[in-house]
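J.: One structure coming up, written as C-alpha cells, with questions to follow.
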Amino acid sequence: MVNNLGNKSVYDNDRNDAYGYVTNIHWSNQMIRIIYPIDGGIAVLSPADCGLAIEDIARKDVPVGVPYKIISVLDIPEDRTFRDAWEADFSNPDGYGIGHDAWFTEKAKQEEVE
C-alpha cells in the first residue's frame, strides 16, 4: 500500500491567515509537519514551537532549492511500516528551502534595515 502525503496543503483550506485558523481548527506547530523529497523518499520535519513562523522554519530547515509542503499531522499515516513507500506530489509546493546560512543572512540584513 502506498500512501500519498501532501496532496493537500494546510493552506488549500479556507483560512483566515497562514498561521491561525484553518477550517475552524487552530494549527499549532504540533499539528503541522513539513515534508520534502530526500534520497528517493520523503523527509518529515516536526517543527518546534520556537517563535518562528512555520514558513520561516521550512525555508531555513529544508535544504537549498528543495520543494516543501506544509501539511497536517493528520495526513501522515500512523502506521510507519511502509514509510519507504510514501509518495507526495511536490509539483505545486508551498515553497523552497533556502538553507540555514542564507536564512540567517537574510534575517541579519532585515535587522540592519530596521
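J.: Could you please rank Leu74, Leu52, placing first whichever residue has the fewest other Cβ atoms within 10 Å of its Cβ?
T.: Leu74, Leu52
J.: Let me ask another. By count of other Cβ within 10 Å, fewest leading, how are Val64, Val73, Val113, Val44 ordered?
T.: Placing the least packed residue first, the sequence is Val113, Val64, Val73, Val44.
J.: Kindly put Arg83, Arg33 in sequence by how many other C-beta atoms sit within 10 Å of each C-beta, fewest to most.
T.: So the residues, fewest neighbours to most, are Arg83, Arg33.
J.: Please compute the modelled spin-label separation between Val64 and Arg80, points set 7 Å along Cα→Cβ, answer in nm with one decimal.
T.: 3.1 nm
Read-outs: derived from the displayed coordinates by stated rules, not from any lab. Worth saying up front: this structure is predicted, and the values here are computed from it rather than measured. Every residue, glycine as well, gets a Cβ built from its backbone with ideal geometry; the counts of neighbours run over all protein chains shown.
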